[in-house]
């Protein structure tokens, strides 16, 4: 029973800091930190132009098929909203205290102690709250995209995950 509880991650409800509207709380600058901005639309302009043209063709097709301006507007909102992480920059900040991700729609703040494993791919690293691979980690984990800084991000993540494991007593 004790082993099963050790594999389970407790819900740390104080992990994200509630802020009043308009109040921006920056992470403390104690210790090391790593910051970068990832903007995929700037990385490959040819792809950006092709995707944008395709979106306008789809929006035009929706308008033509329905004959409704409202459905056209809805198509714009849905298509560009679903690609917001591609068109708008995402700011990442890793500190010894935690992980901070700022997108156009949300500010995410998490503690390193919430994550038990990580998985790297060619575009980024997934921080997972599970010890073993799980289908839920894409929904509960945090994906950090690289921006020409793969080595620095991986070194920082490895260091913080090892520190978190040693503090957790595992």
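Every number here is computed from the coordinates shown, using simple stated rules; none is lab data. Keep in mind the model is a prediction, meaning the values are calculated, not measured. When we count neighbours, we look across all protein chains shown, and the Cβ atoms used for this are built from the backbone with ideal geometry, even at glycine.
Working carefully through the options 35, 137, find the one that is surrounded by 15 or more Cβ atoms within 10 Å (Cβ to Cβ) and either in contact with a strand residue (DSSP E or B) (Cβ under 8 Å, 6 or more places away or on another chain) or within 30 Å of residue 164 (Cα to Cα) (or both). Please lay out each step first, then the result.
On the way: 35 fails: surrounded by 15 or more Cβ atoms within 10 Å (Cβ to Cβ).
On inspection, the qualifying residue turns out to be 137.
For residue 101, are the conditions met, namely being part of a strand (DSSP E or B), closer than 27 Å to residue 47 by Cα, without any contact (Cβ under 8 Å) to a residue 60 or more places away in the chain and out of contact with any helix residue (DSSP H, G or I) (no Cβ under 7 Å at 6 or more places or on another chain)?
On the way: part of a strand (DSSP E or B): yes; closer than 27 Å to residue 47 by Cα: yes; without any contact (Cβ under 8 Å) to a residue 60 or more places away in the chain: yes; out of contact with any helix residue (DSSP H, G or I) (no Cβ under 7 Å at 6 or more places or on another chain): yes.
In short, yes.
From (1) in contact (Cβ under 8 Å) with a residue 12 or more places away in the chain; (2) surrounded by fewer than 17 Cβ atoms within 10 Å (Cβ to Cβ), pick out the condition that doesn't hold for residue 114.
Residue 114 satisfies all of (1) in contact (Cβ under 8 Å) with a residue 12 or more places away in the chain; (2) surrounded by fewer than 17 Cβ atoms within 10 Å (Cβ to Cβ) except (2).
Which members of region 70-98 meet the condition of being within 19 Å of residue 124 (Cβ to Cβ), assigned to a helix (DSSP H, G or I) and in contact (Cβ under 8 Å) with a residue 12 or more places away in the chain? Spell out how you get there, then give the answer.
Taking region 70-98 as the starting set, the residues that turn out to be within 19 Å of residue 124 (Cβ to Cβ) are 82-95, 98.
Filter once more, keeping what is assigned to a helix (DSSP H, G or I): 82, 84-87.
Passing the criteria: 84, 85, 86, 87.
Kindly provide the set of residues from region 134-153 that are in a loop (DSSP other than H, G, I, E, B) and free of Cβ contacts under 8 Å to residues at least 24 places away in the same chain, ordered by number.
Just the residues of region 134-153 that are in a loop (DSSP other than H, G, I, E, B), to begin with: 134-136, 141, 146-149.
Residues satisfying the conditions are 134, 135, 136, 148.
Going residue by residue through region 154-162, is there one that turns out to be under 27 Å from residue 83 (Cα atoms) and either touching a helix residue (DSSP H, G or I) at 6+ places or on another chain (Cβ under 6 Å) or surrounded by 14 or more Cβ atoms within 10 Å (Cβ to Cβ) (or both)?
Restricting attention to region 154-162, the residues satisfying the condition of being under 27 Å from residue 83 (Cα atoms) are 154, 157.
Filter again for either touching a helix residue (DSSP H, G or I) at 6+ places or on another chain (Cβ under 6 Å) or surrounded by 14 or more Cβ atoms within 10 Å (Cβ to Cβ) (or both), leaving 154, 157.
Yes, there is a match, as at least one residue in region 154-162 is under 27 Å from residue 83 (Cα atoms) and either touching a helix residue (DSSP H, G or I) at 6+ places or on another chain (Cβ under 6 Å) or surrounded by 14 or more Cβ atoms within 10 Å (Cβ to Cβ) (or both).
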